[in-house]
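None of the figures in this text is laboratory data; all of them are computed from the coordinates on show. If you're wondering where the values come from, they're calculated on a predicted model, not measured in any experiment. No Cβ is skipped: glycine too gets one built from the backbone with ideal geometry, and neighbour counts run over all protein chains shown.
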Amino acid sequence: MKSHVIDSRYGGGKTRSMTTTTDHKELVQRALADLLGPGGVDAVAPLLSEDFLHHRPDATTSTKKEWLASVEAALVPLAGMRVEVLHLLADGGHVVVHSRRTHPSGVEITVVDLLRIEDGLITEVWEIIEPAAEAAAHLEWWQPAGR
């Protein structure tokens with residue numbers, strides 16, 4: 001997944017390794033496919049750094065081991081969930097995934113994940129989830145109650 005570029009700033013045309021934003025996007029796509037595929041958490045675990053952290057909007061943070069355990073526990077109730085990636089954007093060491101996820105029961109959520117990639121591994125994830133049915137109510141969250 002690494003590309004090599006020649007850069008005269010590094011001593012007369014020496015080759016240096018550089019991970020591109022395309023590589024980062026491919027890593028995230030692979031992680032999502034592996035996670036939702038038959039390999040599950042065992043397939044995605046090698047794509048996460050040992051110091052991996054997962055952050056939620058409620059200010060909770062989980063380690064690699066904690067996050068993998070919680071995802072493994074959720075895979076059975078979420079079996080058959082459809083994930084539609086709406087946007088996949090990369091800039092430097094960060095990738096953003098905007099997706100719509102639909103449970104077989106029909107319940108739909110919108111998810112935005114911001115991932116930090118370092119040394120070819122996913123090192124950190126910030127996740128925001130909004131139930132699609134509640135989206136309209138969240139459009140005016142700043143309005144005082146009763147207005």
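A few notes on this one:
- Scanning region 40-80 for residues that are without any contact (Cβ under 8 Å) to a residue 40 or more places away in the chain, hydroxyl-bearing (Ser, Thr, Tyr) and in contact with a strand residue (DSSP E or B) (Cβ under 8 Å, 6 or more places away or on another chain) turns up Thr61, Ser62, Thr63, Ser70.
- Matching entry among Ile128, Ile122 (being closer than 22 Å to Asp23 by Cβ, of a type in the set (Val, Ile, Thr) and either loosely packed, with under 12 Cβ neighbours inside 10 Å or touching a residue at least 24 places away in the same chain (Cβ under 8 Å) (or both)): Ile122
- Condition check for Trp141: surrounded by fewer than 12 Cβ atoms within 10 Å (Cβ to Cβ) and of a type in the set (A, V, I, L, M, F, W, C): yes
- Applying the set (1) in contact with a Gly (Cβ under 8 Å, 6 or more places away or on another chain); (2) touching a residue at least 24 places away in the same chain (Cβ under 8 Å) to Arg116 leaves exactly one unmet item: (2).
- Filtered by the rule that a residue be under 23 Å from His103 (Cβ atoms) and polar (S, T, N, Q), region 27-53 gives a lone residue, Gln29.
- Failed item in (1) of a type outside the set (Ser, Thr, Tyr); (2) surrounded by fewer than 15 Cβ atoms within 10 Å (Cβ to Cβ); (3) touching a helix residue (DSSP H, G or I) at 6+ places or on another chain (Cβ under 9 Å), with Leu115 passing the rest: (2)
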